[in-house]
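Take a look at the structure below.
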Amino acid sequence: MGALLRWPAGIALVSWRYFWRTTPIHRSETAGDRGDLPPELPDGVADDRIQQVRDGYGPLLHRHYGVRIAGSDMSPEQLMARLSADPDGWSPEFAVFRRTGGTDGSMDVGDEFLIRMPGPWDGPVRVVASDPTGFTFATMAGHLEAGRIEFRTDRDEQGLRFDIESWARPGDRMSHVLYNRARVAKEVQLNMWTHACIRAAKLADGRPDGGVTVCTRRLDM
């Protein structure tokens with residue numbers, strides 16, 4: 001965490017109120033295996049602008065972020081409709097989604113965004129899968145990471161859930177240093193999507209039940 005304070009000026013814009021929360025964050029990190037490799041991308045969505053896991057450098061991080069939402073009467077489809085309509089409504093304020101392709105208010109296959117963040121973190125992404133309860137971003141050329149991230153909603157006997165699952169490697173050697181030596185980028189990403197889980201619960205007119213769970217599996221490739 002201290003590395004964030006020593007990072008060049010841009011990162012200082014990330015307010016500490018996102019890193020010190022009353023919501024419990026349950027973190028774990030374990031060794032991964034070949035089962036942590038991502039599924040293949042759907043046919044027809046990848047081109048030479050997409051950065052897949054195999055295009056990255058260094059170890060693979062397979063991460064799952066999850067929050068159970070109490071006090072919400074929404075269906076998974078209703079919550080996902082809200083999430084898809086305005087990503088700035090649930091991403092932390094230091095991450096701004098600027099649409100560069102597609103129609104506002106939707107999250108359709110082929111839509112593209114530039115996620116603007118302080119410091120050297122701007123990340124272009126493309127929607128490569130979408131349905132009523134989820135969508136998937138793939139990273140594009142120039143992104144700090146090479147991989148993909150899925151956002152899903154569900155409901156079971158215990159209530160509504162929001163889950164994020166990512167498979168990513170550093171996009172180049174410099175990113176590898178930021179992730180695995182300085183560990184700055186790794187913590188920024190973790191706190192970004194943890195905060196997104198908390199805001200998704202609020203967007204569902206509910207609250208996190210039992211905090212947010214973050215499970216990381218690391219696979220050396």
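The values are calculated or read from the model by the stated rules, or taken from the named source; none is laboratory data. As the structure is a computational prediction, the values presented were derived from the model and not from experiment. Glycine gets a Cβ as well: all are built from the backbone with ideal geometry, and neighbour counts include every protein chain shown.
Where strands (runs of 3 or more DSSP E) sit wholly within region 116-169, none has at least 3 residues that are touching a Gly at 6+ places or on another chain (Cβ under 8 Å), free of Cβ contacts under 8 Å to residues at least 40 places away in the same chain and not aliphatic (A, V, I, L, M). Residues in region 177-197 that are among the polar types (S, T, N, Q) and at pLDDT 85 or above: THR194 alone. Of note, GLY32 satisfies the criterion of being farther than 30 Å from LYS202 by Cβ and surrounded by 15 or more Cβ atoms within 10 Å (Cβ to Cβ).
Counting the residues of region 21-47 that are of a type in the set (D, E, K, R) and part of a helix (DSSP H, G or I) gives 2.
Okay, residues lined up against (1) assigned to a loop (DSSP other than H, G, I, E, B); (2) at pLDDT below 95; (3) of a type outside the set (Phe, Trp, Tyr); (4) under 21 Å from TRP167 (Cβ atoms):
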{"residue": "HIS62", "(1), (2), (3), (4)": "no, no, yes, yes"}
{"residue": "GLY66", "(1), (2), (3), (4)": "no, no, yes, yes"}
{"residue": "SER72", "(1), (2), (3), (4)": "yes, no, yes, no"}
{"residue": "SER91", "(1), (2), (3), (4)": "yes, yes, yes, yes"}
{"residue": "PHE94", "(1), (2), (3), (4)": "yes, yes, no, no"}
{"residue": "SER106", "(1), (2), (3), (4)": "yes, yes, yes, no"}
{"residue": "GLY110", "(1), (2), (3), (4)": "yes, no, yes, yes"}
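Scanning region 92-108 finds no residues that are within 18 Å of ALA146 (Cα to Cα) and touching a residue at least 40 places away in the same chain (Cβ under 8 Å). Out of GLY102, GLY147, report the one residue that is crowded, with 16+ Cβ neighbours inside 10 Å, of a type in the set (Gly, Ala, Ser) and under 13 Å from the mean Cα position of the chain (by Cα). It is GLY147.
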